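Only one structure is covered here, and it is reproduced in the block below.
The values are calculated or read from the model by the stated rules, or taken from the named source; none is laboratory data. It should be emphasised that the depicted structure is a prediction, and the values quoted were computed from it without experimental measurement. Quick reminder, even Gly has a Cβ in these numbers, built from the backbone with ideal geometry, and neighbours come from all protein chains shown. Heads up: the accessible areas ignore ligands, DNA and RNA and are worked out on the full protein's heavy atoms, side chains in. Shrake-Rupley method; radii C 1.70, N 1.55, O 1.52, S 1.80 Å.
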Amino acid sequence: MSETSIGADDAVATVRAWEALDSRGTPTLGCSVVLAGGAAGRAIVPSGASTGSHDARERRDGGQSWDGLGVAGAVRVVIEEIGPALAGVPAREVDAVLESWDPSTDLAELGVHAALGVSVAAHRARARAAGVPLYELLAGGLPHRLPTPMVNVVSGGAHAGGAVDIQDVLVMPLRAGSFRTAIEWAWRVRRQAAALAERRGLVTTLVADEGGLGLQLPSNAAALGLVTEAIEAAGLEPGHDAALAVDVAANQLWDGSSYRLAAESRRLDAAGLIDELAGWVAKYPVVSIEDPLHDQDWDGWAEATRRLRGTQLVGDDLFSTAADRVAEAARRGVGTSVLIKPNQRGILSRAAETVATARRLGYQVVVSARSGDTEDHWLADLAVGWRADQIKVGSTTRSERTAKWNRLLEIEASCAPDLRFVT
Ligand code: 2PG
Ligand code: MG
């Protein structure tokens with residue numbers, strides 16, 4: 001570890017960076033920013049497995065160390081270049097400096113690790129200097145609201161060794177009344193899903209990247225059926241108290257000519273996949289579908305938006321948290337909701353611009369963690385500060401997931417009278 005320092009009140013004084021590990025054991029970057037007045041912020045950067053073609057780039061080292069996955073180069077950039085350049089810069093201008101440093105939309109020069117680590121750490125330092133929580137700093141005076149959680153129950157795809165093809169089957173409490181109750185309901189549903197699966201002789205102790213159950217089920221629809229049953233077994237009414245959300249993560253299924261449902265030995269074209277999804281919506285209480293088609297298929301997305309009207313259609317890989325792609329979607333009448341993953345853009349101000357664009361164009365905002373996440377919980381503050389409608393961080397197990405739920409529970413408990421829970 002090394003550092004750079006200089007002095008002057010709320011200006012950046014010291015920037016440190018180091019290598020860390022994420023929840024999959026993949027190297028990542030930790031960073032701290034200390035201001036001259038002594039206020040400090042730190043951040044660890046997450047990383048995804050299912051990525052979009054427009055995501056900002058990660059710069060990994062290659063070579064022998066950490067089998068090529070290390071980020072020592074990014075650590076060096078923070079310590080030797082970004083730190084000295086930021087010395088004396090007011091903390092609120094850090095993002096602007098990063099933006100002008102690398103104006104490319106994919107952050108090809110700076111890379112996600114260096115940029116996001118510094119950006120989040122600087123925001124936290126600012127909040128500390130102002131004596132307010134990070135969510136308060138980001139809210140800009142607007143009343144706070146807590147997002148509805150989308151909680152992973154059954155995992156598949158790239159997060160669970162392809163146990164089923166779709167990446168997530170999540171439960172979404174609809175009428176919980178408070179964030180705490182919403183998490184308790186989701187917790188009950190996950191427990192019931194595990195109990196039901198156990199009774200059917202399935203192994204439930206092996207969990208996937210995001211803490212969801214990685215079950216060897218006969219079909220994708222069977223996963224939807226199981227979670228629907230679990231909602232009932234938890235004493236809740238499916239479709240009324242709690243519903244299903246699905247992340248198809250279709251980029252992972254697309255092989256260049258068709259969508260491969262390996263668990264069912266089937267191949268579908270876009271129209272076939274849309275039919276399949278429409279069938280699920282008719283049969284199960286599905287209220288939200290993420291990435292129903294791959295991220296280059298604007299026409300397929302437009303068709304899915306028409307066919308699945310009434311169902312939330314979330315763009316993750318489609319948007320890559322980029323404001324211009326949200327604007328393009330609005331022109332084409334595509335999707336209803338934007339997934340916000342800050343590391344898809346790499347600088348908080350850019351992700352915030354996408355949130356603002358989504359709102360202006362009438363899209364819902366869903367803030368999301370990554371499948372390779374960390375014990376750090378800054379995402380929870382972002383979701384509250386940006387007044388997200390929903391948040392998705394994985395299941396109710398595994399510390400990198402519960403860190404975010406726990407932070408939201410803390411925020412609700414600490415300022416409940418000022419807070420509105422979104423349903
Ligand atoms: C997603 C995310 C989070 P990953 O696809 O929505 O679940 O996964 O971080 O692997 O992109
Ligand atoms: Mg996704």
Filter pass, Thr205 being assigned to a loop (DSSP other than H, G, I, E, B), open to solvent by 10 Å² or more (accessible area, probe 1.4 Å), more than 21 Å from Leu419 (Cα to Cα) and β-branched (Val, Ile, Thr): yes
Going residue by residue through region 270-282, is there one that turns out to be touching a Gly at 6+ places or on another chain (Cβ under 6 Å), in the same structural domain as Gly335 (by TED's automatic domain parsing) and within 16 Å of ligand 1 (Cβ to nearest atom)? no
Quick one: which strands (runs of 3 or more DSSP E) lie wholly within region 133-186 and hold at least 1 residues that are closer than 30 Å to Gly41 by Cα and within 15 Å of ligand 1 (Cβ to nearest atom)? 148-155
Being small (Gly, Ala, Ser), in contact with a Lys or Arg (Cβ under 8 Å, 6 or more places away or on another chain), in a helix (DSSP H, G or I) and touching a residue at least 40 places away in the same chain (Cβ under 8 Å), is that true of even one residue in region 238-260? no
Leading residue by the ranking (farthest from ligand 2 (Cβ to nearest atom)) among those in region 378-389 that are open to solvent by 10 Å² or more (accessible area, probe 1.4 Å) and over 12 Å from the mean Cα position of the chain (by Cα): Arg387
Criterion first (in a strand (DSSP E or B) and surrounded by fewer than 24 Cβ atoms within 10 Å (Cβ to Cβ)) does Arg126 satisfy it? no
Out of all the residues in region 336-357, which are more than 16 Å from ligand 2 (Cβ to nearest atom) and among the aliphatic types (A, V, I, L, M)? Ile347, Leu348, Ala352, Val355, Ala356
Going by what's in this entry, would Ser65 be described as surrounded by fewer than 16 Cβ atoms within 10 Å (Cβ to Cβ) and either among the aliphatic types (A, V, I, L, M) or touching a residue at least 40 places away in the same chain (Cβ under 8 Å) (or both)? no
Filtered residues of region 262-292 (kept if buried (at least 20 other Cβ atoms within 10 Å of the Cβ) and either within 16 Å of ligand 2 (Cβ to nearest atom) or at pLDDT below 95 (or both)): Ala263, Leu273, Leu277, Val286, Ser288, Ile289, Glu290, Asp291, Pro292
Could you please let me know if Ser119 is more than 30 Å from Trp254 (Cβ to Cβ) and in the same structural domain as Arg24 (by TED's automatic domain parsing)? yes
